[in-house]
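The values are calculated or read from the model by the stated rules, or taken from the named source; none is laboratory data. Predicted model, so just to flag it, every value in this text is computed and none were measured. Backbone-built Cβ (ideal geometry, glycine too); neighbour counts: all protein chains shown.
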Amino acid sequence: MKIAFVFDGLQFGGIERVGIEYIKLLSSRNYEITVVNLRPDLNAMEKEIPADARIIHIPFSRNLAPQRYSKLVRVHPMGVIAFYICAIPVNVLQKIYKIKYKKNVPNVEIAIAFSGHYNDLTFVSENFEDAKKIAWLHGDETSYNDIAPGYFALYKKIKNLVCLSEKNDDKSEEFNEKNEINKALIYNPINLDGREIDEKIVKSLKQRYGDFILMVGRMAKDKDQATLIRALSYLKEKYSLKKNLVLVGDGSERESLEKLVQEKQLEKQVFFAGAHYDVQNYYMAASIYAHSSPAEGLPTVLLEAMYYGLPIASTNSEPGVYEILRENCGLITPVGNAEALADSIYKLYTDKTLVEELKTNCQDRIKQFMPEHVIMQFENYIKTLK
């Protein structure tokens with residue numbers, strides 16, 4: 001079977017990592033995979049794609065997606081008119097551009113808009129005439145509709161949805177029923193068997209950082225490492241508990257985070273480790289995993305922390321955190337509440353019975369994210385596509 005995965009760029013990121021994991025799994029099962037990168041300048045992860053998968057570059061900006069402007073409908077009384085003023089010429093421009101790139105669109109049986117952004121959703125909905133199509137939602141349907149109504153307009157064209165959360169509201173249910181949407185809940189697969197643990201590096205990390213808390217993620221506002229840094233300050237002030245924090249990752253917010261560390265006088269406790277491929281060694285060296293992002297689809301880092309046996313304290317990043325930790329697999333606190341996050345971290349350091357209970361629950365929960373389970377769900381789902 002021929003399947004196309006369409007991405008809004010292949011930079012380093014959680015969505016891209018999950019997509020490549022699917023590509024590897026399907027390639028190993030003799031599916032013929034084509035990867036379409038709509039932002040060829042973002043290609044850092046293309047080297048991770050299996051050699052037997054074909055890669056095609058077709059530049060297709062989000063600006064070419066008419067539904068991108070659908071948010072105007074909600075922000076102004078004249079929003080509907082403003083939307084059409086923007087969307088109509090963009091739609092015409094897109095149709096003209098299609099004449100140029102159409103010959104490069106692969107002939108496949110299934111086309112997946114895997115990034116779930118306006119450009120890959122639009123590209124899949126407007127092309128692949130003979131293929132069945134899937135929109136991949138990295139979260140729940142309701143959350144996407146909360147962003148803008150344009151997502152539902154594209155889902156209506158594509159018909160088949162994969163979501164990472166069971167969360168839904170009446171409006172979504174009504175939309176799905178009215179438009180005969182074929183929807184499935186399929187978790188991201190996590191496959192870490194190939195990541196070798198280097199005991200020397202693990203030992204070195206423990207010697208360097210001691211008994212430390214870990215967070216992995218790019219340094220951006222939507223990851224909110226600042227709340228975790230403030231939580232570390234609360235730990236020190238409220239409980240007289242002085243623990244180190246290691247932040248693995250890099251990004252545009254690093255400088256502001258470093259300033260916050262200085263303001264809180266935590267220079268000897270917070271360490272910026274930079275971006276690393278061998279994150280498995282950091283998980284093995286850490287004592288606790290903390291997560292402070294305000295919103296997540298299905299955060300891979302929490303699955304990795306579970307896999308490596310770390311107790312987890314996390315803010316309730318909707319919808320993904322609860323979806324992963326819901327069976328008493330971690331401690332969940334309100335988004336942005338540094339003191340509550342500090343309280344959870346303190347419990348993990350002081351209540352050993354609780355920690356063992358969480359670890360046991362995680363061992364059962366992680367099985368639902370194993371590749372063999374997920375790929376079976378995927379193969380069953382594609383048999384039902386409309």
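If you go through the range 220-270 and pick out every residue that is part of a helix (DSSP H, G or I), out of contact with any Ser or Thr (no Cβ under 8 Å at 6 or more places or on another chain) and of a type in the set (S, T, N, Q), you end up with 3.
This table checks each residue for (1) hydrophobic (A, V, I, L, M, F, W, C); (2) assigned by TED's automatic domain parsing to the domain that holds Glu258; (3) in contact with a helix residue (DSSP H, G or I) (Cβ under 6 Å, 6 or more places away or on another chain).
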| site | (1), (2), (3) |
| --- | --- |
| Asn176 | no, no, no |
| Glu180 | no, no, no |
| Lys206 | no, yes, yes |
| Asp222 | no, yes, no |
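So, Ser27, is that one under 22 Å from Met370 (Cβ atoms), out of contact with any Phe, Trp or Tyr (no Cβ under 7 Å at 6 or more places or on another chain) and surrounded by fewer than 18 Cβ atoms within 10 Å (Cβ to Cβ) or not? Here the answer is yes, as Ser27 does meet what is asked. Go through the range 326-347 and count every residue that is closer than 21 Å to Asp224 by Cα and either more than 25 Å from the chain's Cα centre (by Cα) or among the polar types (S, T, N, Q) (or both). So the count comes out to 6.
Matching residues to (1) among the small types (Gly, Ala, Ser); (2) part of a helix (DSSP H, G or I):
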{"site": "Ser293", "(1), (2)": "yes, no"}
{"site": "Val301", "(1), (2)": "no, yes"}
{"site": "Glu304", "(1), (2)": "no, yes"}
{"site": "Gly309", "(1), (2)": "yes, no"}
{"site": "Tyr322", "(1), (2)": "no, yes"}
{"site": "Asn328", "(1), (2)": "no, no"}
{"site": "Ile332", "(1), (2)": "no, no"}
{"site": "Gly336", "(1), (2)": "yes, no"}
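Ile288 falls short on exactly one of the conditions (1) surrounded by fewer than 24 Cβ atoms within 10 Å (Cβ to Cβ); (2) within 11 Å of the chain's Cα centre (by Cα), and that condition is (2).
Just checking, how many residues over the range 295-313 are within 13 Å of Ile332 (Cα to Cα) and among the β-branched types (Val, Ile, Thr)? Number satisfying all stated conditions: 1.
Of the numbered conditions (1) basic (Lys, Arg); (2) touching a Phe, Trp or Tyr at 6+ places or on another chain (Cβ under 7 Å); (3) over 27 Å from Ser317 (Cβ atoms), Arg68 fails exactly one; give the number of that condition. Among (1) basic (Lys, Arg); (2) touching a Phe, Trp or Tyr at 6+ places or on another chain (Cβ under 7 Å); (3) over 27 Å from Ser317 (Cβ atoms), Arg68 violates only (3).
Meeting the requirement of 2 or more residues that are closer than 23 Å to Asp140 by Cβ, the helices (runs of 4 or more DSSP H) wholly within the range 1-118 are 14-28, 72-75.
If you check Lys171 against the conditions, is it over 20 Å from Ala305 (Cα atoms), modelled with pLDDT under 90, out of contact with any Phe, Trp or Tyr (no Cβ under 8 Å at 6 or more places or on another chain) and among the charged types (D, E, K, R)? Yes; evaluated as a whole, the condition is true for this residue. Residues in the range 53-102 that are of a type in the set (Val, Ile, Thr), closer than 30 Å to Leu26 by Cα and out of contact with any Pro (no Cβ under 7 Å at 6 or more places or on another chain): Ile55, Ile58. For the range 165-206, which positions are among the acidic types (Asp, Glu) and free of Cβ contacts under 8 Å to residues at least 24 places away in the same chain? Within the range 165-206, Asp170, Glu173, Glu174, Glu177, Asp193, Glu199 meet the criteria. The residue list Asn145, Asn119 contains one member that is under 18 Å from Lys71 (Cα atoms) and crowded, with 22+ Cβ neighbours inside 10 Å, which is Asn119.
Just one residue in the set Pro319, Pro299 is farther than 19 Å from Leu228 by Cα, touching a residue at least 40 places away in the same chain (Cβ under 8 Å), buried (at least 17 other Cβ atoms within 10 Å of the Cβ) and under 18 Å from the mean Cα position of the chain (by Cα); that residue is Pro319.
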